[in-house]
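Written below as structure tokens is the structure these notes are about.
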Number of protein chains: 4
Amino acid sequence: MDHAALETFVAQEFAQVADILSVHAVSEAGVTLKLTPTQAHLRPGGTVSGPSMFMLADVALYLAILSRIGPVALAVTTNAHIDFMRKPASDAPLYGEATLLKLGRSLAVGQVAIRNAGSDDVLAQASMTYAIPPKR
Amino acid sequence: MDHAALETFVAQEFAQVADILSVHAVSEAGVTLKLTPTQAHLRPGGTVSGPSMFMLADVALYLAILSRIGPVALAVTTNAHIDFMRKPASDAPLYGEATLLKLGRSLAVGQVAIRNAGSDDVLAQASMTYAIPPKR
Amino acid sequence: MDHAALETFVAQEFAQVADILSVHAVSEAGVTLKLTPTQAHLRPGGTVSGPSMFMLADVALYLAILSRIGPVALAVTTNAHIDFMRKPASDAPLYGEATLLKLGRSLAVGQVAIRNAGSDDVLAQASMTYAIPPKR
Amino acid sequence: MDHAALETFVAQEFAQVADILSVHAVSEAGVTLKLTPTQAHLRPGGTVSGPSMFMLADVALYLAILSRIGPVALAVTTNAHIDFMRKPASDAPLYGEATLLKLGRSLAVGQVAIRNAGSDDVLAQASMTYAIPPKR
């Protein structure tokens, strides 16, 4: 799936969050997804909530997998680890850069680094595993 | 903080999700939090999304910590691990049972088991660490 | 596999660590494995090393899976999360209580709580996933 | 601490494993540690055991922290996540490349990618948090 196909997939499969997510970059190595937070994703103090960053990581890695194997809507997250390291800038977009570490027949593993624009500091980093359903 | 104080805290500090969360039980060991999903928390097929379960776990453990040390609004999640094991029942409430494993001066660690009502099957289980700011 | 079969399996498959490991209890819910540390497993100060606790958790959960599905020597750990919460007693045996949370066809998930004898305090707790090879 | 100081530290503080570990590279970004497995670190089939890879990651990140803040022998691992993705080459050295993601006053977070020589494939990747004791 290329950039346009991934955008369409997000609009269809993640309708609830499609308005705040946009595909920023697609490469051989992975996908970078942008989250533009609204009031619903903020916590007191203006920072983006942990579950919103988790969602960004989860969708970014899902798209990185689909960009390689095509639209497998039934791939599911089997586990996730996330380290929250720095407070996001108040009210600024977040970029989740998903990189595939392994794309096996039944399991895919990747990491997602979340940053604000224009900074090398990683705000949060996730490692996630997806189960890929067998082909029929 | 007792049951009523925790309910008030959720309403104030988690205004965005307060309508779908309610404190189900408070004990010495921890807190059980109930999530009643709305359309915004579902994924295609009617199942509750991973990020929504992550949010349930995150808030449940936060409340379990506050129930012991009082309202420390600045405690922050430093890392989280979650295993997604079974598909939640379509459109049914989820219960996140948070148990504290360690309550230190600067770090608190706990686990959260997420289930549907009336079943022993754990749908997802999380381990999370919170940093507790030093007292002034 | 029952208690005796598991002991035999450890002696054969984990020859390098069989002298410090012994099966303490086997039940429907899981397996408790005992580690008696030697000098090689200690760190300065007399405490048991993190990697030794990781090994205890890894083998305990492996045995818990085998106790249910029989000797599948090719099951492999796909990922593990471990929280180290308290310093083990110097030079005392550790007990790793492994509980299965899910035993699927291709993935098994469980948790292991590590304690010293006679204490409820969890020293370390692990969540681990094993991939189970398909039957031929 | 520079390359030589780290080597000396390993010999003193990790006497049990010093013979199989050697500091391969030290840079601003982190430390790469080499593990030369012996029979004690192998599993049936000749592959390096999971706990041995965990140990490699744990020590590599510890050294990466010490290279920046000096010999703080009391820093402790508070939690670790590791994904095992590929089987290591039989009987070949492993390289654990530790990178610091955050070096705060009380917590340090980093990741470690484990590879065989001459391959970009990541065999296992770990994310770990260390607690740094307050200065007196």
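The values are calculated or read from the model by the stated rules, or taken from the named source; none is laboratory data. Quick caveat: nothing in here was measured; it's all calculated off a predicted structure. Ideal geometry is used to build each Cβ from the backbone, glycine not excepted, and the neighbour counts take in all protein chains shown. Ligands, DNA and RNA are stripped out before the accessible areas are found, and what is left, the full protein with its side chains, is counted by its heavy atoms. Shrake-Rupley method; radii C 1.70, N 1.55, O 1.52, S 1.80 Å.
The residues of the stretch D:104-124 that are over 11 Å from the mean Cα position of the chain (by Cα) and either facing chain A (nearest Cβ under 10 Å) or at pLDDT 95 or above (or both), listed by number, are D:Gly104, D:Leu107, D:Ala108, D:Val109, D:Arg115, D:Asn116, D:Asp121, D:Val122, D:Leu123, D:Ala124. Answer yes or no: is there a residue in the stretch A:24-39 that is out of contact with any Gly (no Cβ under 6 Å at 6 or more places or on another chain) and under 26 Å from C:Ala80 (Cβ atoms). Looking for residues that are out of contact with any Gly (no Cβ under 6 Å at 6 or more places or on another chain) and under 26 Å from C:Ala80 (Cβ atoms), one finds at least one in the stretch A:24-39, hence yes.
Applying the criterion of being open to solvent by 40 Å² or more (accessible area, probe 1.4 Å) and not in a loop (DSSP other than H, G, I, E, B) to the residues of the stretch C:14-24, the residue that is farthest from C:Leu103 (Cα to Cα) is C:Ser22.
Filtered by the rule that a residue be open to solvent by 40 Å² or more (accessible area, probe 1.4 Å) and not aliphatic (A, V, I, L, M), the stretch B:100-113 gives B:Lys102, B:Arg105, B:Ser106. Within the stretch A:83-103, the set of residues being within 12 Å of another protein chain (Cβ to nearest Cβ) and part of a strand (DSSP E or B) comprises A:Asp83, A:Phe84, A:Thr99, A:Leu100, A:Leu101, A:Lys102, A:Leu103.
Select from the stretch D:28-82 the residues that are closer than 29 Å to B:Met128 by Cα, assigned to a strand (DSSP E or B), within 13 Å of chain C (Cβ to nearest Cβ) and open to solvent by less than 50 Å² (accessible area, probe 1.4 Å) and list them in ascending order. Result: D:Thr77, D:Thr78, D:Asn79, D:Ala80, D:His81, D:Ile82.
Going through (1) touching an Asp or Glu at 6+ places or on another chain (Cβ under 8 Å); (2) open to solvent by 20 Å² or more (accessible area, probe 1.4 Å); (3) within 17 Å of B:Gln125 (Cβ to Cβ) one by one, C:Glu97 falls short only on (1). Residues that are open to solvent by 10 Å² or more (accessible area, probe 1.4 Å), not in a loop (DSSP other than H, G, I, E, B) and not polar (S, T, N, Q) were ranked within the stretch B:114-136; the one that is nearest to A:Pro51 (Cα to Cα) is B:Ala131.
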